[in-house]
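First up is the structure itself, then whatever we jot down about it.
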Amino acid sequence: MVTAVVLIQAERALLEETAEALAALKGVSEVYTVSGEWDIVAMVRCKSNEAVADVVAGKMLQIPGINRTKTLVAFRSFTELDLDAIFPVA
């Protein structure tokens, strides 16, 4: 599984609609509106780098309101969520 964090700058007037459209994409597991330089953070989880590229460079950039993206591909995960999947606790 490949996980990517996608930082998105969006049109302020379309922020909610853009976030909802992102959340509806297959491969996008979570979407957050945030403060700061970036407006939206989307978590993309796919089976391959190619599938991540299809979501980010293909589907995401077709959504109205997205001005710019920056994609960070995760190397390792250290969250409880991922550790619980590997080592379930009864």
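For every residue, the table says whether it meets (1) of a type in the set (Asp, Glu); (2) more than 28 Å from Arg12 (Cβ to Cβ); (3) in contact with a His (Cβ under 7 Å, 6 or more places away or on another chain); (4) at pLDDT below 95.
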| residue | (1), (2), (3), (4) |
| --- | --- |
| Met43 | no, no, no, no |
| Cys46 | no, yes, no, no |
| Ala51 | no, yes, no, no |
| Asp54 | yes, no, no, no |
| Met60 | no, no, no, no |
| Ile63 | no, no, no, no |
| Ile66 | no, no, no, no |
| Lys70 | no, no, no, no |
| Glu80 | yes, yes, no, yes |
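Being among the charged types (D, E, K, R) and modelled with pLDDT of 95 or more is the requirement here; does Glu16 meet it?
Yes, satisfied.
How do the pairs read when you match residues in segment 9-26 that are β-branched (Val, Ile, Thr) with residues anywhere that are surrounded by fewer than 13 Cβ atoms within 10 Å (Cβ to Cβ), using Cβ under 8 Å and keeping only pairs 6 or more apart or on different chains?
Thr18/Pro64
Which of the residues that make up segment 6-29 are touching a Leu at 6+ places or on another chain (Cβ under 8 Å) and more than 14 Å from Arg68 (Cα to Cα)?
Val28
Counting only residues that are surrounded by fewer than 12 Cβ atoms within 10 Å (Cβ to Cβ) and either touching a Lys or Arg at 6+ places or on another chain (Cβ under 9 Å) or not in a loop (DSSP other than H, G, I, E, B) (or both), how many does segment 33-51 have?
2
The values are calculated or read from the model by the stated rules, or taken from the named source; none is laboratory data. Every value quoted in this text rests on a predicted model; they were computed, and no experiment measured them. All Cβ positions, even for glycine, are placed from backbone atoms using ideal geometry, and neighbour counts span all protein chains on display.
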